[in-house]
Amino acid sequence: MLGFVAQRLLYLVPVLLAVSLLTFLIASLLPGDLAYTILGDQATPEKVAALRHDMGLDQPIWWRYLSWLGNVLQGDFGRSFRTGQTVLQAVAERLPVSLELMLLAQLGALTIGIPLAIACAVRNGSAFDRFMTGSAFSMLSVPAFLSAILLIYLFAVELRWLPATGYIPFHEDPVGNLRCFLLPALTLALGEWPVLMRVLRSDMIQTLQEDYIAMARAKGLKPSRILLVHALKPSSLTLVTVTGINIGRLIGGTVIVESIFALPGIGRLLLSAIFTRDLIILQGVVLIVALGYVLINFVVDLLYAVLDPRIRHGHA
Amino acid sequence: MATLELSIDQAAIASPVRTRRLGPLFWMAIGWMTFVFALAAFADLLPLPSPFDMDMLERRAPMSAAHWLGTDGLGRDVLSRLIYGARISLIVGLCAPVIGLTIGGALGILAGYFRGRFETLVVGSMDVLLAFPPLILALAVTAYLGQSLLNLTGILGVLGIPAFMRVARATTLTLARREFVIAAQALGASHARILLRELLPNVFLPLFAFFLLGVAVTIVVEGALSFLGLGVPPPISSWGIMIGEGRESLEIAPRLAFIPAVTMFLTVLSFNLVGDTLRALTDPRQGAL
Amino acid sequence: MTGPALLSVEGVAVDLPTPRGNLRAVDHVDLSIGPGQTLGIVGESGCGKTMLSRAILQLLPKKAKLSGRVIFDGQDLVRLDRERLRKLRGRSLAVVFQDPMTSLNPVLTIGTQLIETLQEHLELDGVAAKMRSIELLAAVGIPAPEQRLMQYPHQLSGGMRQRVAIAIALSCEPKLLIADEPTTALDVTIQAQILDLLAREQRRRHMAMIIITHDLGVVAGRTDEVAVMYAGRVVERAPTPDLFKKMRMPYTEALLAAIPKIDAKPHTPLPAISGRPPDPTRPLKGCSFSPRCKYAWAQCQIEKPRLEDADSPGHQYACFRPLNIPAGAPA
């Protein structure tokens, strides 16, 4: 098992390096002089040149990349010239919000998707099954911002049950906090559940035809046990992969939802960094997000091995 | 949340419409697509008021003979903006995936055919590209390079390259082992000939199915960007912009948001349906060919 | 057979709707077996023997239609409600499937698959179930049983896996064990061991057993009675010694001849049965075996022979031109 983990970790290193390089290049090569932007209307050629020298912008690009990378490896991602916050501080502030949103969204998607998938797999071919699969397919054509508008209209405008925007930190008011997250999380969950449901349904239908399920029935086990223990576990592989990929995607993919519902998360941080041309924040946050994505995929790979012992022992 | 990364999930999902024949839903989708396309193409010939004319006295007017779908927050005719918006959404929606299709498709076929280090390089660089949240990249580029139709189409097209590459490569890998390719090689055909005459025609159909799915995704992403005000620049109308503007009038006139929303939904659904059905019919991995 | 039958299959027919028409997999089969007895069901692939075993267990595919009665321990399983049926299965009525690689769940440990049966039917607590599982594994001849509990099926050899499947089947002291091709997926060297194991456990527990196989050699000497199936019907049935010595059905003769004999001269051609089993969606008017039978004549192609008694007790066969009897003379 340890060998497996070590092997995977080794693969990570070149990928992470490449990601860091690409992030840096994109940020540096975008047009618009950073020093000029910072100085704004106080810019004079001398001041611009001085600031450029201060910030090391007149050095060759490879030098700038290596020094930035060096700083990053020591934990220094840079400091925003707008707010004065370091990148890490800004991220630490916003990350919990995005994470809470992602977790709730994924939980919601799984809560809707898993039972539906099991119900459809058991009733494969029935009218219920066809209706649910059709609905799942249609839901895939409803993007997040459309669901958001619909939900806001229904719950905030018409019924007035939930707030349309706003954020209350958890430690201040747990219930209020959850109320703020309900609509945004539901918006994302509505977009995610169809994929999860269809993947699990498809795998379960196949699993239910296996001999070991017939064997489980021949042993006289309870139907609930057969479904949840014997059938669900071997069918979960693709589901776990997809969930993992989704979580990875949701990082930074929450931009739209955070923007619509005014949640102070990573997505909005990135948006404002783009608007205010805050390159340092942009660079640093994009790197962190990309790193997170790569790491999550790594964890998904590990989970695979846990779920299917054959992979652990190199058999699959 | 739609992104441009049409990942393996799409490939792992079986089409719900497992029709051997093309059912009524399929034809309805084709019908809608044609309808929207025709309206958008011939918009100039239709007796529509201009989508830019603002009539401040008739703001948020309900449906009437003069304005079939009413007017929006600035007094502009909704139907007209809807149709011209279709034009924009379709232009971006169709042109951007073409970039992905040509470049990504070419890279994928070459990688799948030649294998070896070239393949590792291509796949590896696509993986790195995929590590970035695509929306952020799109936002960053349009924010820095300026919002324009061209920039938007360009960046969305580039972001689609990895997905097309994957599909082309996977299809090529399956096909390259089939007899007709081995036979051509045995006959001494050159690489170029095999690629162009044997592989390309067979890879094209699944790629085209994927292209249609890509159109659906692109329309959505363009819609999302425009919704945030970061896509197509005003005063051009696109469905996304209309929905974004309509959001402000949700309390008074919800139809301003819902009319373009439903139109976009139906269009995206149609492309998804047709693309998915075609994919189920032409995917060589399912032995259909 | 003395005393009431433990299992009595009466007029069971299984129909499967297929795109090409109705498939009659089992065609009015009657069988019975008493407590502690062994019945062998022999036939080629596709003769309906597996469908019959599924019919007995009430584990047919959803689309299948079952008619007839299956009386087990005094209850008609066909009409029994699901909950009571579930309690019977695994407890009084157990099964060993053909391929232990697919009949054991690959992602659950051996221990889990053993213990869950014990906990379900005998309501043992965790510790007692674990102890019992170790005993069972040892009884079926698996070395180091404590370690095996934590292992997964793919970590065991084929023979070991089948032993585990047998242990699972025996765990709740069933009255009847159905072994569906228990050795077909195993090496020849292991086959005898497994069959001996089954016989030993059967004697020890005074359990009835049905062995389903395509190999007449498997049932020789290990069963009390044999039923030969062809195209969904029982075509001959007799106490085992009678079947081998006084067989009547030409099909049985052909099956026996097809077994390779160790004392035959080298390069002796194996007399395989020519032709193929009939298409079950297009049943023949006459005897299903007639196209391949070397004794067939006109009557065989027009009428279906019914099971009739032979002169020895318990022996029945369905043939117009049985062996050892001159044509036309009464049996």
Original post:
So which pairs qualify, if the first residue must be in region C:53-75 and farther than 24 Å from C:E181 by Cα, the second must be of a type in the set (A, V, I, L, M) and in a strand (DSSP E or B), the Cβ gap must be under 6 Å, and the two must be at least 6 apart or on different chains?
Top reply: C:S67/C:A13; C:G68/C:V12; C:G68/C:A13
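Collect the residues in region A:169-225 that are among the polar types (S, T, N, Q) and either in contact with a helix residue (DSSP H, G or I) (Cβ under 9 Å, 6 or more places away or on another chain) or away from chain C (no Cβ under 14 Å) (or both), keeping them in residue-number order. Steps first, please.
Of all residues in region A:169-225, those among the polar types (S, T, N, Q) come to A:177, A:187, A:202, A:206-207, A:209, A:224.
Across region A:169-225, the qualifying residues are A:N177, A:T187, A:S202, A:Q206, A:T207.
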**OP:** Evaluate the following for A:S259: is it more than 10 Å from chain B (Cβ to nearest Cβ), under 20 Å from B:L225 (Cα atoms) and either acidic (D, E) or in a helix (DSSP H, G or I) (or both)?
**Re:** no
Subject >> Any hit, region C:13-27, residues being within 26 Å of C:T117 (Cβ to Cβ) and of a type in the set (V, I, T) >> reply: no
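Please indicate, with yes or no, whether at least one residue in region B:84-101 is under 30 Å from B:Q185 (Cβ atoms) and surrounded by 15 or more Cβ atoms within 10 Å (Cβ to Cβ). So that I can check it myself, show each step before the final result.
Step one: filter region B:84-101 for residues under 30 Å from B:Q185 (Cβ atoms), giving B:100-101.
After this cut, where a residue has to be surrounded by 15 or more Cβ atoms within 10 Å (Cβ to Cβ) as well, the list is B:100-101.
There is at least one residue in region B:84-101 that is under 30 Å from B:Q185 (Cβ atoms) and surrounded by 15 or more Cβ atoms within 10 Å (Cβ to Cβ).
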Original post:
Quick check: anything in region A:162-170 over 21 Å from the mean Cα position of the chain (by Cα), surrounded by 18 or more Cβ atoms within 10 Å (Cβ to Cβ), of a type in the set (V, I, T) and closer than 15 Å to A:E258 by Cα?
Top reply: no
Subject >> Which numbered condition A:I213 fails, given (1) surrounded by fewer than 23 Cβ atoms within 10 Å (Cβ to Cβ); (2) over 25 Å from A:L69 (Cα atoms); (3) modelled with pLDDT under 85 >> reply: (3)
Subject >> Test set (1) away from every other protein chain (no Cβ under 14 Å); (2) over 17 Å from the mean Cα position of the chain (by Cα); (3) crowded, with 24+ Cβ neighbours inside 10 Å - B:A184 fails condition number >> reply: (3)
Subject >> Checking C:S45 against (1) more than 25 Å from C:G159 (Cα to Cα); (2) assigned to a loop (DSSP other than H, G, I, E, B); (3) more than 9 Å from chain A (Cβ to nearest Cβ); (4) of a type outside the set (K, R), the condition it does not meet >> reply: (1)
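To keep it simple, each residue is scored yes or no on (1) within 12 Å of C:V164 (Cβ to Cβ); (2) within 27 Å of the chain's Cα centre (by Cα); (3) more than 9 Å from chain A (Cβ to nearest Cβ).
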| residue | (1), (2), (3) |
| --- | --- |
| C:V95 | no, yes, no |
| C:T102 | no, yes, no |
| C:P106 | no, yes, no |
| C:L114 | yes, yes, yes |
| C:L118 | no, yes, yes |
| C:H121 | no, yes, no |
| C:A128 | no, no, yes |
| C:M131 | no, no, yes |
| C:I134 | no, no, yes |
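For residues that are facing chain B (nearest Cβ under 9 Å), assigned to a helix (DSSP H, G or I) and not polar (S, T, N, Q), tally how many sit in region A:138-147. Talk me through it step by step, then tell me what you get.
Initially, region A:138-147 is screened for residues facing chain B (nearest Cβ under 9 Å), giving A:138, A:140-146.
Then drop every residue that is not assigned to a helix (DSSP H, G or I), which leaves A:138, A:144-146.
Next cut, not polar (S, T, N, Q) only: A:144-146.
Within region A:138-147, residues that are facing chain B (nearest Cβ under 9 Å), assigned to a helix (DSSP H, G or I) and not polar (S, T, N, Q) number 3.
Checking the conditions here, which among A:F275, A:F261 is more than 14 Å from the chain's Cα centre (by Cα) and either surrounded by fewer than 20 Cβ atoms within 10 Å (Cβ to Cβ) or at pLDDT below 80 (or both)? Walk me through it before giving the result.
Details: A:F261 fails: either surrounded by fewer than 20 Cβ atoms within 10 Å (Cβ to Cβ) or at pLDDT below 80 (or both).
When all the criteria are applied, what remains is A:F275.
Against the condition within 25 Å of C:A318 (Cβ to Cβ), out of contact with any Phe, Trp or Tyr (no Cβ under 7 Å at 6 or more places or on another chain) and not hydroxyl-bearing (S, T, Y), how does C:R204 come out, does it pass?
Details: within 25 Å of C:A318 (Cβ to Cβ): no; out of contact with any Phe, Trp or Tyr (no Cβ under 7 Å at 6 or more places or on another chain): yes; not hydroxyl-bearing (S, T, Y): yes.
No: the conditions fail for C:R204.
Residue-by-condition table, conditions (1) surrounded by 21 or more Cβ atoms within 10 Å (Cβ to Cβ); (2) modelled with pLDDT of 90 or more; (3) in a helix (DSSP H, G or I):
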site	(1), (2), (3)
C:T112	no, yes, yes
C:T117	yes, yes, yes
C:R132	no, yes, yes
C:G141	no, no, no
C:A167	yes, yes, yes
C:I178	yes, yes, no
C:T183	yes, no, no
C:I190	no, no, yes
C:I210	yes, yes, no
Subject >> Among (1) within 26 Å of C:P239 (Cα to Cα); (2) at pLDDT below 75, the one test that C:Q316 misses >> reply: (2)
**OP:** Could you check how many residues of region B:207-257 are over 21 Å from B:C95 (Cβ atoms), assigned to a helix (DSSP H, G or I) and more than 9 Å from every other protein chain (Cβ to nearest Cβ)?
**Re:** 4
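Could you list, in sequence order, the residues of region A:150-168 that are facing another protein chain (nearest Cβ under 7 Å) and in contact (Cβ under 8 Å) with a residue 24 or more places away in the chain?
Going through region A:150-168, the residues facing another protein chain (nearest Cβ under 7 Å) turn out to be A:152-153, A:157.
Residue satisfying the conditions is A:I152 alone.
May I ask you to list the residues in region A:80-133 that are of a type in the set (D, E) and crowded, with 17+ Cβ neighbours inside 10 Å? Outline the logic, then answer.
The first filter runs over region A:80-133 and keeps only residues of a type in the set (D, E), leaving A:93, A:100, A:129.
Listed by number, the residues that qualify are A:E100, A:D129.
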**OP:** Report yes if some residue within region A:241-251 is in a helix (DSSP H, G or I), buried (at least 18 other Cβ atoms within 10 Å of the Cβ), without any contact (Cβ under 8 Å) to a residue 60 or more places away in the chain and of a type in the set (A, V, I, L, M, F, W, C); otherwise report no.
**Re:** yes
**OP:** Scan region A:243-250 and give yes if some residue there is in contact with a helix residue (DSSP H, G or I) (Cβ under 7 Å, 6 or more places away or on another chain) and basic (K, R), otherwise no.
**Re:** no
**OP:** State whether one or more residues within region B:141-151 are at negative phi, buried (at least 18 other Cβ atoms within 10 Å of the Cβ), within 12 Å of chain A (Cβ to nearest Cβ) and among the hydrophobic types (A, V, I, L, M, F, W, C).
**Re:** yes
Subject >> Condition met for B:A66 (more than 14 Å from the chain's Cα centre (by Cα), surrounded by fewer than 23 Cβ atoms within 10 Å (Cβ to Cβ) and among the hydrophobic types (A, V, I, L, M, F, W, C)) >> reply: yes
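Please state which one of C:V70, C:V78, C:V107 is more than 23 Å from A:V229 (Cα to Cα) and part of a loop (DSSP other than H, G, I, E, B). If you could, list the steps in order and put the result at the bottom.
Values: C:V70 fails: part of a loop (DSSP other than H, G, I, E, B); C:V107 fails: more than 23 Å from A:V229 (Cα to Cα).
Answer to the selection: C:V78.
Does C:P250 meet the test of being crowded, with 16+ Cβ neighbours inside 10 Å and not charged (D, E, K, R)? Can you show your working first?
Working: crowded, with 16+ Cβ neighbours inside 10 Å: yes; not charged (D, E, K, R): yes.
Criteria met by C:P250.
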Subject >> Tally, over region A:194-227, of residues that are free of Cβ contacts under 8 Å to residues at least 24 places away in the same chain, within 24 Å of C:S171 (Cα to Cα) and not acidic (D, E) >> reply: 15
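The values are calculated or read from the model by the stated rules, or taken from the named source; none is laboratory data. This is a predicted model, so every value here is computed, not measured. Virtual Cβ from ideal backbone geometry, glycine too; neighbours counted across all protein chains shown.
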